[in-house]
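The values are calculated or read from the model by the stated rules, or taken from the named source; none is laboratory data. None of the values given here were measured: they were computed from a predicted structure. Here the Cβ is made from the backbone with ideal geometry for all residues, glycine too, and neighbour counts use every protein chain on show.
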Amino acid sequence: MDPYIAFYNKFKEKLFAYLMRYTGDCEISRDIMQESFTRYLEHYRNQEYSASLLYKIARNALMDLLKKQKRDVHNVDEEYEDRSRSVEESLLIQEEYRDVLEGLQRLGHNEREVISLVLNGDLSYKEIASIVGISEANVKVRVHRARTRLRELLSKGD
């Protein structure tokens, strides 16, 4: 199997999840994910594949888009449906997912960015610091603050 295809298959869902948590919009997340892999392929195909570089490309594409739009996106356009669950369970899961996405959108840009990267679990704090351009200690502080704030926001929604 082509190493790039293996890399794509390993990270496509994780990158999409990061972008979804950050934007809250399926279409935008899908577009940026595809654009990120395309940019990676165009510029770095002959190098060893790096998850942190892929996330940095995705973050840059996202920042470019946000600068163009000059606004944050807050809606989820596409419903997730899991046929193995009952309709009631699926609706409850979707509602919880929307609540978490809504809570993430209420975080500040810096907090939302680092928590979205941390939640994927593929990147170390050092790699996240490199992607975002801050110190590792600052990443830890932002993650802690984001988790605390998100807990507060979600508990108020009860």
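Figures for the structure shown
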quantity	calculated
Subset of region 32-54 that is touching a residue at least 24 places away in the same chain (Cβ under 8 Å) and of a type in the set (D, E, K, R) - its residue that is farthest from L101 (Cα to Cα)	R45
Among the candidates L119, L154, residue that is farther than 23 Å from A58 by Cα, part of a helix (DSSP H, G or I), touching a residue at least 24 places away in the same chain (Cβ under 8 Å) and not basic (K, R)	L154
Residue among Y55, Y97 that alone is modelled with pLDDT of 90 or more, under 17 Å from the mean Cα position of the chain (by Cα), outside any loop (DSSP other than H, G, I, E, B) and among the aromatic types (F, W, Y)	Y55
Filter result (surrounded by fewer than 21 Cβ atoms within 10 Å (Cβ to Cβ), within 23 Å of F11 (Cα to Cα) and touching a residue at least 12 places away in the same chain (Cβ under 8 Å)) within region 124-151	Y125, E127, S130, V132, V143
Output for region 6-39, where each listed residue is surrounded by fewer than 22 Cβ atoms within 10 Å (Cβ to Cβ) and hydroxyl-bearing (S, T, Y)	Y8, T38
